[in-house]
Amino acid sequence: MFFQQLINGLTVGGVYALIALGYTMVYGILELINFAHGEIYMLGAYLGIIFFAFFTAAGLTAYSLPLSLVLTLVLSVTFCSAYGFTMERIAYRPLRNAPRLSPLISAIGVSIFLQNYVMLTQGATDKVFPHLFGDAGLTLSGARITYLQIFIIVLSCLLMLSLHLYVTRTKMGKAMRAVAQDKVMASLVGINIDSVISVTFIIGSGLAAVAGIMVAMYYGLVNYSIGYIAGIKAFTAAVLGGIGSIPGAMFGGIFLGLVESVGGSYLSSEYKDAYAFAVLIVILLIKPSGIFGKTTEEKV
């Protein structure tokens with residue numbers, strides 16, 4: 001049973017980690033909690049259903065199911081990245097030099113707007129994503145792992161590894177780290193702050209879109225309110241690992257998924273959400289900056 005819950009926890013934890021990365025990247029650069037990020041994840045799930053339905057109606061899924069799935073992922077990521085870019089330009093950039101409470105209120109407003117926008121355009125009823133992988137899978141040490149779970153775990157790991165390499169090896173990644181460290185000095189050496197922030201929102205929104213499609217495939221049902229609870233859990237994962245730390249967000253998401261899965265199995269599934277927040281409280285009491293976070297000191 002433990003190994004089975006470990007597999008389930010890794011599957012859900014990978015999704016949490018992808019969403020948490022968007023929170024931690026934006027906070028690392030802007031010191032802003034983007035509470036509308038959960039709605040970008042929700043939009044990714046809806047766009048995945050819409051595009052896959054379009055390809056099904058056009059007959060592409062009958063011709064090549066893998067191609068249809070890849071195109072669905074690419075188009076959903078593209079559209080969600082555009083949403084993230086637009087959100088930053090309209091809702092956050094004009095308030096960049098405003099008091100910190102102003103962009104926070106703006107983020108909550110964007111979240112409410114996107115929820116109602118999807119509810120009015122797509123309806124309030126649940127939408128269904130087809131069960132593509134069926135129940136086929138493998139049996140390992142008495143535990144069942146489906147091909148869909150393998151797909152989610154592998155894709156999550158590949159995306160997290162790709163992001164790590166992008167941030168540590170590319171020119172834009174170095175610019176992102178420089179802006180996160182000191183915006184003034186970064187601008188003095190010629191780094192375009194606005195471009196770096198826009199790229200951060202684009203990448204975070206793209207990862208959230210992939211997470212949304214994964215959840216739609218895994219659970220089969222999607223509604224306009226799924227972004228709220230997933231966003232809270234992903235934010236919890238980011239804080240747990242150390243807000244602003246990319247490795248911390250990865251670890252926090254996976255750890256949160258494992259705690260939920262194992263706690264729900266051995267204790268009570270009714271309180272699985274409470275277990276994660278209880279662990280968060282304990283860790284923050286011991287290490288307020290999070291597991292991978294660093295305590296900063298300011299000289300006066």
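Values quoted throughout were computed directly from the atomic coordinates according to the rules given, and no laboratory measurement underlies them. Keep in mind that what you see is a predicted model, and the values were worked out from it rather than measured. Using ideal geometry, Cβ is built from the backbone for each residue, glycine included, and neighbour counts are taken over all protein chains shown.
Structure notes:
- Placing unit charges on the Cβ atoms only, positive for Lys and Arg and negative for Asp and Glu, gives region 2-286 a dipole magnitude near 620 debye about its Cα centre.
- Estimated from helices alone, the mean residue ellipticity of the chain at 222 nm is -25000 deg cm²/dmol (sum of -39500 (n - 2.57) over DSSP H runs with n ≥ 4, per residue).
- Charged-residue dipole, Cβ positions (Lys, Arg, Asp, Glu), region 102-250 about Cα centre, Debye nearest 20: 320 debye
- Each peptide in 274-283, 16-25, 59-68 was scored by the mean count of other Cβ atoms within 10 Å over its residues; highest first, the order is 16-25, 274-283, 59-68.
- Under the simplified labelling scheme, the residue 100-residue 1 pair shows an inter-label distance of 4.4 nm, with each label point 7 Å from Cα along Cα→Cβ.
- For region 6-83 versus region 171-195, the gap between their alpha-carbon centres in whole angstrom: 27 Å
- Here the extension length gained between residue 170 and residue 150 equals 4.3 nm, from 0.36 nm per residue of separation less the Cα-Cα distance.
- Among the GluC sites (Glu not before Pro) within region 220-300, those in coil by DSSP and having at most 12 neighbouring Cβ atoms inside 10 Å are 297, 298.
- Here the spin labels are modelled as points 7 Å beyond Cα on the Cα-Cβ line, and at residue 189 and residue 60 they lie 4.3 nm apart.
- Spatial offset of region 244-266 relative to region 131-149 amounts to 21 Å, using the alpha carbon center of each.
- Neighbour cut-off at most 16 other Cβ (10 Å), DSSP loop, trypsin sites (Lys or Arg not before Pro), region 42-133: 96, 100
- When its C-alpha radius of gyration is set against 2.2 N^0.38 Å (N residues), region 1-84 gives a value of 1.36.
- Across all C-alpha atoms in region 59-218, the radius of gyration and Dmax reach 19.6, 59 Å.
- Positive minus negative residues near residue 236 (Lys, Arg vs Asp, Glu; Cβ under 11 Å): -1
- The chain: DSSP helices with Cα axial extent of at least 18 Å and average Kyte-Doolittle hydropathy no lower than 1.0: 2-30, 37-58, 65-87, 101-122, 147-169, 193-219, 226-241, 246-266, 272-286
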